[in-house]
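Beneath this line is the structure, given in structure tokens, with notes to follow.
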């Protein structure tokens with residue numbers, strides 16, 4: 001039987017397990033990436049492993065999230081990251097060099113290789129034919145140390161593309177259509193693989209937009225073939241030697257095939273407050289817009305900014321609209337400066353931001369109270385923009401420009417003339433912003449500022465767990481709900497005692513006080529608990545506050561792994577209706593739970609308050625059981641576990 005692309009890459013990297021859907025497998029990781037919001041903790045964890053050097057083919061530390069230096073914290077952490085990278089064999093991408101996913105695609109991505117990143121949008125590199133996956137920082141630290149990455153063999157869903165995109169219809173509209181079909185829960189346990197004749201019409205940056213937002217599906221990753229378009233992109237990057245063809249075999253099998261005719265798509269957008277709340281732009285009633293932001297790791301490529309500049313050329317931003325544009329990398333920034341596109345953008349009245357994540361994670365450009373913001377970003381969760389009551393819409397750069405010019409959500413086709421954008425046949429390659437590790441690591445002193453607190457280590461699991469339900473949530477709770485981002489919180493990422501003060505801060509301001517008063521306890525949640533970012537702080541900080549168990553209808557993949565990594569027991573209702581049998585404040589007890597999960601026997605949660613027993617399930621491998629019982633992956637690894 002022929003293999004699909006996913007199976008080909010996994011088979012070439014398989015260390016343990018069988019390639020059968022749902023089976024536990026371990027794969028070798030070729031490359032890793034970190035960014036500064038998650039990287040500081042990842043490197044503290046790597047140091048705790050006691051190794052002298054990373055063991056991957058390539059590891060890169062990017063500074064792109066926290067470049068707003070309103071205090072010493074960010075600057076100190078950047079200094080730590082640069083020194084630890086030099087010492088342990090990691091390349092360091094300086095502040096301003098660009099967003100990790102854009103730069104990695106340009107300078108490091110290799111078809112057929114595996115990439116593990118401490119950022120949920122790492123699948124961006126699937127646009128170049130990599131198996132690129134987001135994970136918690138601790139998983140990335142272990143991979144940097146030469147350890148395998150463990151996951152369940154995913155289903156592979158094929159998106160069969162035919163036709164060609166019409167003018168003003170974009171790659172963003174393709175992934176929004178996939179989100180409409182599959183929803184934010186539709187990718188769980190799956191890899192989304194793209195194929196069909198329509199693929200050949202999409203450039204690598206367009207493919208990367210699609211794979212980037214595959215993270216919003218909850219998918220393990222998304223991936224495109226490596227073909228002549230891939231070769232063309234890598235040749236432009238002067239990395240043609242790294243190219244190799246990669247496609248599915250004739251007769252490759254998929255668990256599901258979804259057909260999309262590109263020629264029939266129309267401009268789409270995601271309405272507040274979920275990436276799968278999809279509507280056609282033309283169906284949105286006249287909605288006044290206060291802010292427009294073009295950029296983020298989703299839509300900040302050279303083409304994205306050139307089409308934006310071409311649509312803005314000779315026009316002015318509406319006087320009621322604040323508009324920002326973010327180049328995804330220094331390479332893109334220099335290219336639009338050289339070809340005149342930057343002048344057209346500035347002349348329109350738009351503001352240029354430095355090459356980084358910025359507004360996407362609430363680091364600046366928070367909208368005004370109750371404002372409508374149209375963004376070419378990937379997430380529009382409540383409060384993520386930095387303004388709790390902002391109404392954030394996700395759309396293509398073309399739709400963003402139409403809103404910026406008219407002051408209302410507008411179908412970009414109403415702009416009438418579609419500009420012809422011709423990308424340069426060559427671009428300036430300057431890797432001065434990427435600092436290689438030193439040849440003399442023994443002479444490097446790792447620099448730690450006062451904001452870097454010692455890494456908190458969990459204790460081993462108690463035989464019996466008993467405590468109060470500190471919080472009961474609904475469906476689709478995101479990591480932004482659990483551990484907010486933004487300019488106030490992100491500078492504390494290397495100080496768990498301080499950042500823990502913000503756990504559930506926006507969703508339930510009393511949570512932290514309650515957790516401290518009750519000496520920890522449990523959380524009960526609905527479906528898809530922990531969707532969104534890979535930030536392990538959403539597990540690590542609650543662990544610091546004493547969280548011992550989370551009981552839900554279902555978990556998002558990365559957050560589930562992070563809970564396990566920090567020794568927090570993840571359980572599911574055997575009967576989802578039993579969710580109604582627990583309320584916040586109830587006392588729960590799990591007698592002999594440590595022994596029970598070690599044997600794989602059935603487990604029951606006793607609701608002491610209501611006097612009812614609730615059967616629960618746990619989908620833990622023997623290795624994961626050992627990790628949870630040890631109090632987390634660090635304890636397990638240092639104890640000789642693999």
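Values in this text are rule-based calculations from the coordinates and carry no lab data. No experiment lies behind these values; they were computed from the predicted model shown. Note that we place each Cβ from the backbone using ideal geometry, even for glycine, and neighbour counts take in every protein chain shown.
A few comments on the model shown:
- Approximate spin-label separation residue 53-residue 334, in nm, with each point projected 7 Å along Cα-to-Cβ: 2.9
- Angle of helix 171-182 to the longest C-alpha principal axis of the chain, folded into 0 to 90 degrees and rounded to 10: 40°.
- In the chain, helices alone account for a calculated mean residue ellipticity at 222 nm of -7500 deg cm²/dmol, with every DSSP H run of four or more residues adding -39,500 (n - 2.57).
- Between residue 241 and residue 613, the distance separating the two model label sites (each 7 Å from Cα on the Cα→Cβ line) works out to 6.7 nm.
- Between helix 397-406 and the chain there is an angle of about 70 degrees, using the helix long axis and the longest principal axis of the Cα atoms.
- Against the main long axis of the alpha-carbon atoms of the chain, helix 302-312 sits at an angle near 50°.
- Estimated at 0.36 nm per residue, the fully extended path between residue 581 and residue 388 surpasses their Cα-Cα distance by 66.4 nm.
- Considering all C-alpha pairs of the stretch 465-638, those separated by over 22 Å amount to 39%.
- Where a label projected 7 Å from the Cα of residue 200 along Cα→Cβ would reach, residues of the stretch 252-268 with amide N under 18 Å: 260-263
- Highest average packing first - 583-592, 442-451, Cβ atoms within 10 Å: 583-592, 442-451
- Taking the stretch 5-264 and dividing mean pair separation by its residue count, relative contact order in percent (alpha carbons under 8 Å, at least six apart): 22
- Residue 255/residue 26 FRET efficiency (R0 22 Å; Cβ-Cβ; nearest 0.05): 0.50
- Virtual spin-label span in nm between residue 70 and residue 313, 7 Å along Cα→Cβ: 3.9
- With distances taken between every two different alpha-carbon atoms, the stretch 22-147 has a Kirkwood hydrodynamic radius of 14.4 Å.
- The tail of the calculated P(r) for the stretch 5-264 beyond 24 Å holds 46 percent of all Cα-Cα pairs.
- Mean separation of Cα pairs under 8 Å and 6 or more residues apart, divided by the residue count, gives the stretch 483-599 a relative contact order of 21 percent.
- Contour minus Cα-Cα distance for residue 595 and residue 443 (0.36 nm per residue): 49.9 nm
- Our summary gives the chain a relative contact order of 14 percent, counting only alpha carbon pairs under 8 angstrom and 6 or more residues apart.
- Highest-first packing order for the peptide set 419-432, 351-364 is 351-364, 419-432, based on the mean count of other beta carbon atoms within 10 Å.
- Residues listed by number, the stretch 580-594, amide nitrogen under 20 Å from residue 513 label point at 7 Å toward C-beta: 584-586
- When each of 224, 418 is scored by the number of other beta-carbon atoms lying within 10 Å, the sequence from fewest to most is 418, 224.
- Here the calculated FRET efficiency for residue 432 and residue 320, from their Cβ-Cβ distance with R0 = 41 Å, stands at 0.50, rounded to the nearest 0.05.
- Overall dimensions of the chain as given by Cα atoms, namely Rg and Dmax in Å: 23.6, 72
- Ordering 243-250, 369-376 by mean Cβ neighbour count within 10 Å, with the highest value first, yields 369-376, 243-250.
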